[in-house]
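Below: the structure, in structure tokens.
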Amino acid sequence: MAQNRILEICIRSEVINCFGKSNPGLTNVENHCIGLFCIVLHPIQGRMPASWQQLRQLAIFFTVVSSTGCATMYYMIQKSFSKKEYFTGAIEKLESKPSALEIIGAPPLKVHTLRLMDKYNHVDKSTAQIKIPVSGSLLAGNLCSSAVRDHLNQRWDLQDVVLELDNGQSIPIYHSNIPPADLIETSPVPS
């Protein structure tokens with residue numbers, strides 16, 4: 001709708017000068033947007049109303065804005081994952097296993113950001129499976145965690161936590177004795 005209004009204003013006012021004079025009946029934001037859209041939509045007398053330098057600056061501006069938006073979104077997703085029960089629970093289980101920490105050379109235990117594009121990482125309404133990159137002073141690896149949603153108590157219950165080291169060694173950290181079928185409920189029983 002806003003693009004139609006800007007196009008209508010560009011056509012109606014014949015866009016005398018996209019960067020020079022502004023239309024006094026419009027706000028500063030509308031005048032600026034009209035200038036940007038005039039570059040693309042309305043050539044004046046068969047030539048482009050903006051120089052290549054202005055177009056390059058516009059392209060750089062949109063690149064910076066979109067890159068910043070993507071980086072912010074990536075950070076927010078990482079922050080969201082790191083607060084979930086299946087993430088924090090797996091880290092707590094690893095920290096409570098001194099033999100595994102000794103093998104990787106922790107403390108200090110370094111927890112790295114998730115690789116969001118890794119196909120192992122999968123979370124839906126009833127199951128969560130994530131691979132958390134961790135490292136110590138000696139070795140690095142992935143803490144593989146799987147959890148099931150307990151719909152009755154509205155929380156996540158860890159099923160398995162395994163530390164897979166980069167040298168190929170796997171160290172079991174935690175295994176739940178409760179079968180997953182007992183945890184998955186379609187809905188709470190009404191009272």
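Between ALA140 and ALA71, the simple spin-label model (points 7 angstrom out along Cα→Cβ) gives 2.1 nm.
Rolling a 1.4 Å probe across the protein heavy atoms gives the stretch 45-144 an accessible surface of 67 Å² per residue. Note that the stretch 90-98 has calculated 3J(HN,Hα) couplings of 5, 5, 4, 5, 5, 5, 8, 10, x Hz, one per residue in order, obtained from phi through the Karplus relation 6.51 cos²θ - 1.76 cosθ + 1.60 (θ = phi - 60°); glycine and proline are x. If R0 is taken as 41 Å, the Cβ-Cβ distance between TYR120 and GLN54 corresponds to a FRET efficiency of 0.30. Each Lys or Arg adds one and each Asp or Glu subtracts one; over the other residues with Cβ under 15 Å from the Cβ of GLY136, this totals -2.
With Cα atoms as the point set, the radius of gyration and Dmax of the stretch 53-191 evaluate to 19.3, 70 Å.
The values are calculated or read from the model by the stated rules, or taken from the named source; none is laboratory data. In this text the structure is predicted, and so the values were computed from the model without any measurement. Virtual Cβ from ideal backbone geometry, glycine too; neighbours counted across all protein chains shown. Accessible surface is based on the protein model in full, side chains and every heavy atom, while ligands, DNA and RNA are left aside. Shrake-Rupley method; radii C 1.70, N 1.55, O 1.52, S 1.80 Å.
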